[in-house]
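Pasting a structure here, questions to come.
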Amino acid sequence: MLQIHNNLSRQKETFQPIDPKNVRLYVCGMTVYDYCHIGHARVMVVFDVVYRYLCHLYGKEAVTYIRNVTDIDDKIIKRANENGESFVTLTERFIAEMKVDEAALSILPPDQEPRATHYMQEILDMIQTLVDSGMAYVADNGDVYYDVSKFERYGQLSGKHLEDLRAGERVAVDEAKDDPVDFVLWKSAKPGEPSWQSPWGEGRPGWHIECSAMSTCCLGNHFDIHGGGLDLQFPHHENEIAQAEAATGEKFVNVWMHNGFVRINEEKMSKSLDNFFTIREVLKVYDAEVVRGFIINSHYRSPLNYSDGNLDEAKNVLTTLYTALRGIDVNPDVELTGEWVDKFFAAMNDDFNTPAAMAVLFELASEVNKARNSDMAAAIVSASQLKQLADMLGILQREPEVFLQSGLGGEGISNEQIEQLIQQRLDVRKNKEWAESDRIRDELKAQGIILEDSVEGTTWRRD
RNA sequence: GGCUGGGUAGCAAAGUGGUUAUGCUGCGGAUUGCAAAUCCGUCGACGGCGGUUCGAUUCCGCCCUCAGCCUCCA
């Protein structure tokens with residue numbers, strides 16, 4: 001039985017889909033005005049693993065995964081103005097760039113990636129419903145605000161109390177609001193800003209309403225899992241609940257999942273602190289699968305410290321696992337049974353405990369290495385299980401040689417040159433000319449190429 | 001000030017009221033012309049102080065300390 005830590009109750013709960021034939025997952029995605037950073041990569045990878053595992057448990061057809069794109073907001077407008085381009089040009093460009101990063105990280109495409117600007121009518125309808133029922137009010141300046149005091153359960157997700165929020169020194173005082181904790185549903189447009197027609201005048205949606213509208217539209221009023229980064233817990237997700245439940249009269253989401261932050265030097269990585277690394281930058285130095293391995297090697301709710309040392313270790317991890325798979329014809333149909341398989345699923349069922357699941361992969365790799373010279377059939381079974389299980393984590397799906405010999409970019413010695421030198425070395429080795437043999441090996445090593453001699457011959461990999 | 005979540009061996013990272021996490025690293029051995037890879041063995045842990053218990057790293061309390069949210073942020 002799958003257990004998931006539900007942030008609504010702050011404890012692990014047995015996951016029971018509303019309808020096992022139609023398991024529904026919604027994740028808050030990117031605001032597209034810049035390249036994705038490693039924090040975004042974490043959300044993508046974490047929920048990609050959740051999605052893959054749900055597909056394993058319930059069947060691919062039975063799972064619907066929605067991840068939205070925020071393509072209109074203040075930051076987008078600001079950046080478009082700075083660049084002297086339309087906000088549409090800007091967002092289209094960064095949606096395309098986002099897809100490049102996703103593909104590199106082996107992120108399975110969600111079933112739908114709704115955009116705020118494509119759901120304007122649904123957004124307006126939900127705001128209208130809230131206004132009609134008295135849950136929202138139109139301010140003097142044309143903005144529409146949600147009246148937080150009318151929603152009794154406000155604070156249930158974030159554990160906040162209205163009194164504390166009002167007393168908080170950091171809540172900005174906005175003259176247009178009746179209450180500082182109220183939040184905007186519809187922002188009236190200033191001259192020159194992108195805008196849409198509404199019953200309250202030209203304007204654009206507030207940030208939170210798009211997710212309430214798009215998620216209920218795509219998945220129904222009540223669905224299973226809603227996820228996102230921990231920084232979205234408050235106010236974004238709290239407000240989504242308030243909007244959706246007030247508008248539909250139904251419970252909105254059963255399980256709330258939030259992944260932890262990526263840190264740099266023990267400090268949160270974020271746009272506002274300007275200490276972020278883009279996925280693009282990191283992929284210049286590390287293979288995308290290494291980045292994925294780095295993310296999976298920590299539990300999704302723990303903080304993840306970004307450092308070269310930790311990325312290097314992730315690379316070692318993948319090298320070890322791929323080395324075990326090297327030279328073995330895996331059988332994609334092998335049965336998933338046995339001690340290690342059970343442990344893997346036990347780990348995944350325990351709130352997606354990927355570090356524990358990775359430990360199992362090492363045990364299987366060890367089984368492969370132990371058996372490969374004495375019992376190839378057993379080695380094939382272990383290797384095949386290893387690869388199948390790794391697929392649920394989105395790793396180890398390339399040919400081992402491809403990973404082990406892959407370099408980043410065109411710099412350095414070519415594969416042909418390497419093969420040539422290896423052949424030269426084999427020739428002198430026939431005459432036991434060890435000095436020359438070692439010289440060639442050292443020459444290659446200086447260029448980051450590691451040679452491995454075995455009875456079958458010489459293999460190589462890039463360090 | 002209010003609210004969260006952490007502090008595990010050199011590093012990374014799970015987990016548990018009493019039994020090996022795991023990976024990298026270190027040390028010893030096998031293998032190898034020497035290496036690399038692999039295998040075998042091994043050193044090394046649970047922030048501090050109390051409490052509950054036959055027994056606590058694991059439960060409770062207090063303290064120290066770190067990070068986060070309370071404003072845009074994945």
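Read-outs: derived from the displayed coordinates by stated rules, not from any lab. On a predicted model such as this, the values are computed, not experimentally measured, just so you know. Every residue, glycine among them, receives a Cβ derived from its backbone with ideal geometry; neighbour counts consider all protein chains shown.
Return the inverse of the average 1/r over all pairs of distinct C-alpha atoms in the range A:307-404, which is the Kirkwood hydrodynamic radius, in Å to one decimal.
Hydrodynamic radius (Kirkwood, Cα only) of the range A:307-404 equals 13.6 Å.
Next question, about the same structure. Can you list the lysines whose alpha carbon sits under 19 Å from that of A:LYS370, skipping same-chain ones fewer than 8 residues off?
Those lysines meeting the cut-off are A:LYS387.
Just to check, using Stokes-Einstein with a Kirkwood Rh over alpha carbon pairs, what's the diffusion coefficient of chain A at 10 °C and 1.306 mPa s in µm²/s?
64 µm²/s
Got the relative contact order for chain A handy, in percent, Cα pairs under 8 Å and 6 or more residues apart?
Contact order relative to length: 15 percent.
Pull out a ≥ b ≥ c, the square roots of the eigenvalues of the alpha-carbon gyration tensor of the range A:3-263, then state rounded if a/c is under 1.5, prolate if not and a/b is larger than b/c, and oblate in the remaining case.
The shape class here is oblate.
Jot down the per residue volume, in cubic angstrom and as a whole number, of the convex hull over the alpha-carbon atoms of the range A:383-463.
Normalising the Cα hull of the range A:383-463 by residue number yields 99 Å³.
Taking the Cα atoms only, what angle lies between the long axis of helix A:87-104 and the longest principal axis of chain A, rounded to 10 degrees?
Between helix and principal axis, roughly 30 degrees.
Let me ask another. In what sequence, highest mean first, do A:358-364, A:269-275 appear when ranked by Cβ atoms within 10 angstrom?
A:358-364, A:269-275
Applying 1/(1 + (r/R0)^6) with R0 = 45 Å to the Cβ-Cβ distance of A:LYS150 and A:LYS271, what FRET efficiency is obtained, to the nearest 0.05?
0.85
Right, another one. Just add up the charged neighbours of A:GLN156: K/R +1, D/E -1, any other residue whose Cβ is under 13 Å from the Cβ of A:GLN156.
Summing Lys and Arg as +1 and Asp and Glu as -1 gives 0.
Could you name the lysines in cross-link range of A:LYS187, using Cα to Cα under 29 Å and dropping any fewer than eight places away on the same chain?
A:LYS75, A:LYS78, A:LYS150, A:LYS160, A:LYS177, A:LYS251, A:LYS271
May I ask for the equivalent-ellipsoid semi-axes of the range A:415-462, computed as the square root of five times each C-alpha gyration tensor eigenvalue and listed largest first in whole Å?
Values for the range A:415-462, descending: 16, 12, 10 Å.
How charged is the neighbourhood of A:LYS251? Take every other residue with its Cβ under 14 Å from the Cβ of A:LYS251, and add Lys/Arg as +1 and Asp/Glu as -1.
So the environment of A:LYS251 carries a net charge of -3.
Rounded to the nearest 500 deg cm²/dmol, what is the calculated helix-only ellipticity per residue at 222 nm for chain A, with -39500 (n - 2.57) per DSSP H run of length n ≥ 4?
Using -39500 (n - 2.57) per qualifying helix, the result is -14000 deg cm²/dmol.
Taking the Cβ of A:GLY338 as the center, what net charge do the other residues with Cβ under 14 Å away carry, scoring Lys and Arg +1 and Asp and Glu -1?
The answer is -4.
Related question: Can you bin the range A:322-463 into rounded, prolate or oblate? Criterion: square roots of the alpha carbon gyration tensor eigenvalues sorted a ≥ b ≥ c, rounded for a/c under 1.5, prolate for a/b above b/c, oblate for the rest.
prolate
If contacts are Cα pairs under 8 angstrom and at least 6 residues apart, what is the relative contact order of the range A:80-236 in percent?
So the answer I get is 21 percent.
Please report Rg (one decimal) and Dmax (integer) in Å for the Cα set of the range A:130-269.
Gyration radius and largest Cα-Cα distance of the range A:130-269: 15.9, 49 Å.
Return the distance in nm (one decimal) between the two label points of a simple spin-label model at A:GLN397 and A:GLU419, each offset 7 Å from Cα along Cα→Cβ.
Taking the simple label geometry, A:GLN397 and A:GLU419 are separated by 2.7 nm.
OK, next. Once you have the Cα-Cα distance between A:ASP231 and A:VAL428, take 0.36 nm times their residue separation minus that, and quote the gain in nm to one decimal.
In short, 64.8 nm is gained.
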